[in-house]
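Have a look at the structure below, then the notes.
Any read-out appearing in this document is the output of simple, stated calculations on the displayed coordinates, not a laboratory observation. Nothing here was measured: the structure is a model prediction, and the numbers come from that model. Counting neighbours? That spans all protein chains shown, and the Cβs are built from the backbone with ideal geometry, glycine included.
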Amino acid sequence: METNGKPDRTPSPHLPFGDQRSAPFYGKDILSVRQFSREDLAYIFGVAHEMREMVARVGTFDLLKGKILANLFYEPSTRTSSSFTAAMERLGGSVIPINEVKYSSVSKGESLPDTVRTLECYADVIVLRHPEVGASAEAANYARKPIINAGDGVGEHPTQALLDLFTILEELGEADGLTVTMLGDLKYGRTVHSLARLLSLYDVKLNYVSPEILRMPPEILAEVGAQDIPQTETRRLEDVLAATDVLYVTRVQKERFEDLADYEKVRGLYVITPETLAQAKERMILMHPLPRVGEISMEVDDDPRAAYFRQMEYGLYIRMALLAMVLGKA
Amino acid sequence: METNGKPDRTPSPHLPFGDQRSAPFYGKDILSVRQFSREDLAYIFGVAHEMREMVARVGTFDLLKGKILANLFYEPSTRTSSSFTAAMERLGGSVIPINEVKYSSVSKGESLPDTVRTLECYADVIVLRHPEVGASAEAANYARKPIINAGDGVGEHPTQALLDLFTILEELGEADGLTVTMLGDLKYGRTVHSLARLLSLYDVKLNYVSPEILRMPPEILAEVGAQDIPQTETRRLEDVLAATDVLYVTRVQKERFEDLADYEKVRGLYVITPETLAQAKERMILMHPLPRVGEISMEVDDDPRAAYFRQMEYGLYIRMALLAMVLGKA
Amino acid sequence: METNGKPDRTPSPHLPFGDQRSAPFYGKDILSVRQFSREDLAYIFGVAHEMREMVARVGTFDLLKGKILANLFYEPSTRTSSSFTAAMERLGGSVIPINEVKYSSVSKGESLPDTVRTLECYADVIVLRHPEVGASAEAANYARKPIINAGDGVGEHPTQALLDLFTILEELGEADGLTVTMLGDLKYGRTVHSLARLLSLYDVKLNYVSPEILRMPPEILAEVGAQDIPQTETRRLEDVLAATDVLYVTRVQKERFEDLADYEKVRGLYVITPETLAQAKERMILMHPLPRVGEISMEVDDDPRAAYFRQMEYGLYIRMALLAMVLGKA
């Protein structure tokens, strides 16, 4: 694991035992999927699995009672923001919601470093969503308190990638040996890039299904290929569907096409219906980062293989785990 | 009581005793005043009265500690939103505030069912305000967790109607035998429609005072009349004021009039002043759903019969009661 | 201390002991720095210092558990709003965030008195930010619950002034005997006006450094002078820097200048750099209310005399102290 070494990190006065200070991730930032080794992931998913069991058993518990999260969103994302809020509240902590940065004095020409240094006077951890690539890393560079990247433009959204992988592990038991098919807009889709990177730590096969103009970028192909991961590109889902264990669907946005006729042609090909699933394995899962706008028919929702709402719930456990970990309480 | 049967309702893991699961309203949705029998109302108001006494005695208590409310407002309503937030917090629970749906990714073409199915991954109950009639029923149809309708367009706003009736009961002891006069815009006023429906379960007389173009709609008159409730329509408050036990005032909006002169003429007639109350009973109450913009003079505020701010407070107890009930804790 | 006598102030049902009701500031409003005597300030700063020590020792504590703050912001101010939210949460209380008043039904023509009388049905204390001078005093006039002024237009922002003075006391031990230099826009800067007023209760010297068109207003000079405080005005920081114990920097806004060349000339003079601090005392502090937009170089941040981020943190303790005090828990 890359440490985001913070020279002046003062141990929280809450910690009764010194050994918690040496817990992995205590006081660390969560900035990028690249910072995690396979051992790190096993640790995170172990904690997230415990969170899942605790929520099922008791709903909430006071692990982070008295801790405060500043939920700093420079662009709106109700889904991610709500998920972090719920994660903090289910652990007994409190939240400072900051959802309207563009209207507020925080943004009146103030630099991001100044904003985070102000907020860390009030809070114990900062979750940051920002439209610019690298914003979280810049914030982390100045902050004494842990920063969790909740999406920095077309950059990274590491907690999304972690919850995607956690979904696969919780649903199918393990990642090794799986065939994962990514479908839709693979060029601009931040989630599939991060997930491909994370999966390349495991013994998987990856299929990429997309229209020609939305193919997976060469740098991702190269990075994943360097890990000796078999990769297959195709325009036709039927080429790879039968062998697929995980079908990860993303949205194809109309705006990406110069010719609308091209869009309409492509669009129909990539809508998942009960007929699609009839061609798929009995034991596989269908994932989507949501929101969906037609890529997956609602008729599919009752199929037990439809995992996308469970995926949202796994996100809660991942975020609970990360918050507890960086605050030294996992 | 109509049950909004949810086939897959899983009992909350918080419940220590199985018998709570059979508590009335546990796991149910609160969608419409039409779902309540007179017995249901007696039960709700009993719980709300206990909430009132608890708040007076201890301010807050931890009945819903560890429970999370998603406060999902597709249109702004600070009053209702704040009231639900306070209700949850006074019961020791937490809130995910979602007030900016129009700016957020939740609304980027995502269907309401998908949004509520996402939020119920994080929360234990969802309060929904939405501009479209029927939105709450649609949400409830998909959600596994309880939905509380906090207003669906010109449709219903059942917690408002419940707090209105609870105000009458707490202030005057009982509803049977009362004469209730509704004043102002009776055509478009959602609150008076719902309140008239609820009151028709009791032995009351109803007076409707409005300008010609803002009369109570025929379907409400028919529905209430079917319960053998005496109803009187008039344009002049003085015809009915002396016999009135409850005077319920609503706003007359300028936009409803084609001819502004008509508006100005009508408007003065329906402003409640100390002179108005001088003609009213000693023991009666003056209500208004607020906000008011001139319908009731501020000079009236100190009259003990002016119940509109107490009405706001009764709203807190009703919402505390409903949250506790649908979460199986009442 | 001026009492904002509220005839109907009912003691909180939370108070186990009657004597707490006679605690200074219990049930009082915090509206203006003018309401405080030097004894009041000593009391407030004593409580704030205890808050600082408690936060350092245990992070949060449940002094205000069960209490609810309505954080009512008619104009956005993330910094102040977040600080009050954190203060309430660190004391175990809850917050109703109301940040979007302009979009909400609260503002649909409703008067401020009606809004606060509604919110006090739900909350135990109201923090109010409003664009109009005197708004807090008007709100306090109608409210039964305590109002804390979080800025009313060009009027007052008393908690900012208190945190500024508290910073000086915590950093330098005492105010008596200090030379305080205020720099930048002294004409429109609400913070320097309030701070000068508060400092005039102590045995200080005040220096005012500004361009000609942004000089301290005559009424402030007169008010402070009436307390026999030595005051010096100059355009050149170097005239007074060497003798300065507290250098309080404010933003010079381009919009104040008719001639942009004047602005550019002035602007450079008032940027604090490591070279500036090289001319200053070893034991002095550099303050700024933040946000800064260039008045203080980031190169200065690591100098131990740079107190502006610590100043933010002192604001947390002041707001914790005030909330505890007006709720009778200090």
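Can you work out the FRET efficiency for the pair B:Leu269 and B:His49, with r the C-beta to C-beta distance and R0 = 30 Å, to the nearest 0.05?
0.25
Under the convention of a label 7 Å out along Cα→Cβ, give the distances in nm from B:Asp239 to the same position in every other copy, shortest first.
Values, ascending and in nm: 7.9, 8.0.
Suppose every K and R has +1 on its Cβ and every D and E has -1 on its Cβ; what is the size of the dipole of chain A about the Cα centre, in Debye to the nearest 20?
920 debye
Restricting attention to the range C:186-290, which GluC sites (Glu not before Pro) occupy a DSSP loop and are surrounded by at most 13 other Cβ atoms within 10 Å?
Numbers: sites: C:Glu212, C:Glu219, C:Glu223, C:Glu233, C:Glu238, C:Glu255, C:Glu258, C:Glu264, C:Glu275, C:Glu282; in loops: C:Glu258, C:Glu282.
Passing sites in the range C:186-290 are C:Glu258, C:Glu282.
May I ask you to report, in nm to one decimal and beginning with the shortest, the distances from A:Phe61 to the same position in the other copies, taking label points 7 Å along Cα-to-Cβ?
Spelled out, the distances from A:Phe61's label point are 2.7, 2.7 nm.
Kirkwood Rh and Cα-based Rg: tell me the resulting Rg over Rh for the protein assembly as shown, rounded to two decimals.
Taking Rh as the inverse mean 1/r over Cα pairs, Rg/Rh reads 0.99.
Dividing the convex hull volume of the Cα atoms of chain B by its residue count, what figure in Å³ per residue is obtained?
It is 139 Å³ per residue.
In a Debye calculation with equal point scatterers on the alpha-carbon sites of the range C:34-164 and no solvent, what is log10 I(q)/I(0) at q = 0.09, 0.12, 0.19 Å⁻¹?
Listed by q, the Debye log ratios stand at -0.27, -0.48, -1.17.
Shortest first and in nm to one decimal, what separations exist between A:Pro131 and its copies in the other chains, measuring from label points 7 Å along the Cα-to-beta-carbon line?
A:Pro131 label point versus its equivalents elsewhere: 2.3, 2.3 nm.
In peptide A:67-76, how many Cβ atoms from other protein chains are near each Cβ within 10 Å, on average?
3
With just the Cα atoms defining each centre, how far is the range B:140-214 from the range A:63-101? Give it in Å.
Their Cα centres are 36 Å away from one another.
Let me know the charge dipole size of the range A:169-251 about its Cα centre in debye, to the nearest 20, where only the beta-carbon of Lys, Arg (+1) and Asp, Glu (-1) is charged. Before the final figure, lay out each step's value.
On the way: 8 positive and 14 negative charges, 89 e Å.
For this selection, approximately 420 debye.
Considering the Cα trace of the range C:159-312, what is its radius of gyration and what is Dmax, both in angstroms?
Final numbers for Rg and Dmax: 14.3, 43 Å.
Inside 10 Å of the C-beta atoms of A:82-88, what's the mean count of C-beta atoms belonging to other chains?
6
Suppose every K and R has +1 on its Cβ and every D and E has -1 on its Cβ; what is the size of the dipole of the range B:159-312 about the Cα centre, in Debye to the nearest 20?
With only Lys, Arg, Asp and Glu charged at Cβ, the dipole is about 260 debye.
Using r as the Cβ-Cβ distance of A:Arg305 and A:Arg34, and R0 as 22 Å, what FRET efficiency do you calculate, to the nearest 0.05?
0.10
Hey, what number do you get for chain B at 222 nm if only DSSP H runs of n ≥ 4 count, each worth -39500 (n - 2.57), divided across all residues, to the nearest 500?
Details: 10 runs with 117 residues, N = 330.
When only DSSP H runs of four or more count, the value is -11000 deg cm²/dmol.
Closest beta-carbon to the B-to-C rotation axis: which chain B residue owns it, and what is the separation in whole Å?
Measuring from each Cβ to the axis, the minimum is at B:Pro97, 4.
Seen from all sides and averaged, what is the projected area of the convex hull of the Cα atoms in the range A:73-227, in nm²?
That works out to 10.9 nm², a quarter of the Cα hull's surface.
Could you please state, rounded to a whole Å, how far the C-alpha centre of the range A:265-330 is from the C-alpha centre of the range B:258-278?
Spelled out, the Cα-based centre of one part sits 58 Å from the other.
Could you derive backbone 3J(HN,Hα) for the range B:127-132 from the dihedral phi with the Karplus parameters 6.51, -1.76 and 1.60 (θ = phi - 60°), listing whole Hz in sequence and x where the residue is Gly or Pro?
9, 10, 10, 8, x, 9
How many partner chain Cβ atoms sit within 10 Å of a residue's Cβ in peptide B:282-293, on average, as a whole number?
Average per residue, whole number: 2.
Using DSSP to call loops (not H, G, I, E or B), can you name the trypsin sites (Lys or Arg not before Pro) in the range A:27-125 whose Cβ has at most 14 other Cβ atoms within 10 angstrom?
The qualifying sites are A:Lys108.
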